């Protein structure tokens, strides 16, 4: 009896093993739990895949949007095929005039799109910095052509193309803007802030003085022997350093001390927004600058061949054709703003670009040539310097009263046409071989051909 009681007590304390039915139920629950976890893991992986696909689609969508805005957002899109045609013509060694023609046509839409991209960047950098960036990148074509021409020791092309850019901005771009703006606003008085125009006029007059002094210095000493040429070169380099210092002071004046004076030209329009992002615009800007460099190299390398083939002087091509292509962006933008009766912006674009060429790009070219061991001075010869002086003086007189009408635009545009006709009919040697003349010394015109 004691044995039975002990065995029952012991049996009651031991755990009862599960039955077969209970094992089946437990296994079913475990399986159900595993099946419940599997869809959760699958859903997470599917979300990651969907997110990656969405991000790729978004990147592709953004790229297509940027492509459409950059390439098809301009009426000059019809000229974009000239870019690959120029590359193909150079690769297969077509005629050099064809390479020059395709390169020149391809530069026009690229220059306009560079201006568009800098405007997009300006929405993120602020109006004043954006305007300065726009003026700088708007002159990218001229600067690249000048540096490549210096690399090939074609100093005459550098001088003529930069001179032509100043003339084009002050007479053609500004003149056509005042003309179109006056015709579009016949019943409205067009006014602008004289302060900004006065600052640019003073800088242009300083640049004109720096161009005149080497010319007058050479004429005053009566010839072009080696010692006089060396003195003229030294004077030009010293003047170039002064011009760069003046331009640096102008930048400080524009961005720091008198920023409000230049902010007045900006557009206060809430509807205008950036259509592409900052980094997208920057990437496209770098890419187009590289393409401009390639086409500019083609232009510089084939300009003499095109001149001989077409029967047009290098002077006319450099002073008239190249600046018209390079200033396509400024020309279009300035006319549009003048049409909207926003003359402060038109003046800022045209005169700001001319000031930057005169006070920054020209002296910078002299300094770079100095570093490269190339003898480039500020003597642009008598005819070219005279045209520059006349252009700056008539522009300053035109803008002295703070008002505008279409007649002012007519006068400036006709002045540009007359200067263009002058260089079209002029058949002279290159600047380095130009006839020497001096005051008190009988000039020789034997080198001039008819």
- If you go through region 120-162 one residue at a time, how many are modelled with pLDDT of 85 or more and not in a helix (DSSP H, G or I)? 3
- Query: Which condition number does residue 391 fail, the rest of (1) in a helix (DSSP H, G or I); (2) surrounded by fewer than 22 Cβ atoms within 10 Å (Cβ to Cβ) being met?
  - Reply: (2)
- Checked against (1) modelled with pLDDT of 85 or more; (2) surrounded by 24 or more Cβ atoms within 10 Å (Cβ to Cβ); (3) closer than 30 Å to residue 378 by Cα, residue 106 satisfies every condition except (3)
- Message: Return the residues of region 87-103 that are farther than 13 Å from residue 294 by Cβ, without any contact (Cβ under 8 Å) to a residue 40 or more places away in the chain and buried (at least 17 other Cβ atoms within 10 Å of the Cβ); say none if nothing qualifies.
- Response: 98
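The values are calculated or read from the model by the stated rules, or taken from the named source; none is laboratory data. Keep in mind the model is a prediction, meaning the values are calculated, not measured. Cβ coordinates were reconstructed from backbone atoms using ideal geometry, including for glycine residues, and neighbour counts include every protein chain displayed.
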